[in-house]
Amino acid sequence: MLPDYKSDKERCIFFLKTYSCVDESGRRKYEDMLVDISNRKRESLEIDLADLEEFCLTIEGYENFPEIVQSNARRYASIFAEAADDIMPRRIFGISDEDDSFDVLMRQREQIGVEINASKNVSPELPDVLRRRFRVYFKPGTKIAVRTVRSIRAADIGHLVTFTGVCTRVGDVKPLLEVACLTCDGCGFEIYQV
């Protein structure tokens with residue numbers, strides 16, 4: 001059976017909107033994080049898998065959702081990011097708030113895209129990854145077994161794995177291309193490849 005990512009995204013939205021901390025007066029932990037992200041006070045959305053497990057035990061049909069997330073962590077990090085994008089509150093502007101360079105560049109890109117594509121009847125589409133000002137991280141729960149580096153196998157690719165080890169040597173950091181922007185030198189048209 002193929003995974004239903006649309007319903008999983010709805011589960012993620014429901015979790016982010018409704019999870020309340022039991023020990024801290026019932027505040028909405030992840031809604032508060034989203035408010036901080038939109039107000040530029042945070043740059044990461046840290047999903048605690050212990051919170052997800054606790055939440056899913058109380059809701060019928062969600063029992064195996066934490067295991068699904070752990071078995072395909074990279075895909076579910078992007079699903080949680082999309083869910084957070086959908087429910088992200090609007091930024092609250094203060095007296096001293098100004099647009100930073102990221103805001104200016106995004107506004108210019110969107111304006112250029114509108115101007116170029118107006119005559120071609122093509123809608124400008126910046127990938128969500130370029131608009132996003134945060135990253136999603138999973139914090140492992142207490143039930144996840146800590147393993148050694150030697151015990152990690154090819155079958156663990158894509159899974160969330162917790163391991164211990166001692167770093168004895170490091171190498172160069174290799175770049176990771178997440179979004180490629182291909183630009184026409186003649187007209188300035190841009191195509192994004194995610």
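The values are calculated or read from the model by the stated rules, or taken from the named source; none is laboratory data. Since this is a predicted model, take the numbers as computed values, not measurements. Don't worry about glycine lacking a Cβ; one is built from the backbone with ideal geometry, like all the others, and counts go over all protein chains shown. Ligands, DNA and RNA are excluded from the accessible area calculation, which covers all protein heavy atoms including side chains. Shrake-Rupley method; radii C 1.70, N 1.55, O 1.52, S 1.80 Å.
Within region 111-148, restricting attention to residues that are over 15 Å from the mean Cα position of the chain (by Cα), among the charged types (D, E, K, R) and open to solvent by 80 Å² or more (accessible area, probe 1.4 Å), the residue that is modelled with the lowest pLDDT is 120. Residues that are within 25 Å of residue 143 (Cα to Cα), in contact with a strand residue (DSSP E or B) (Cβ under 9 Å, 6 or more places away or on another chain) and polar (S, T, N, Q): does region 8-22 have at least one? Among the residues of region 8-22, not one is within 25 Å of residue 143 (Cα to Cα), in contact with a strand residue (DSSP E or B) (Cβ under 9 Å, 6 or more places away or on another chain) and polar (S, T, N, Q), which makes the answer no. Exactly one residue among 81, 73 is open to solvent by less than 40 Å² (accessible area, probe 1.4 Å), touching a His at 6+ places or on another chain (Cβ under 8 Å) and under 19 Å from residue 129 (Cβ atoms), and that residue is 73. Between 30, 62, which is of a type outside the set (A, V, I, L, M, F, W, C), at pLDDT 85 or above and part of a loop (DSSP other than H, G, I, E, B)? After ruling out the rest, the residue left standing is 62.
Counting residues in region 149-159 that are modelled with pLDDT of 80 or more, within 18 Å of the chain's Cα centre (by Cα) and closer than 23 Å to residue 45 by Cβ gives one or more. Of everything in region 44-59 that is of a type outside the set (Ser, Thr, Tyr) and not in a helix (DSSP H, G or I), the residue that is farthest from residue 88 (Cα to Cα) is 59.
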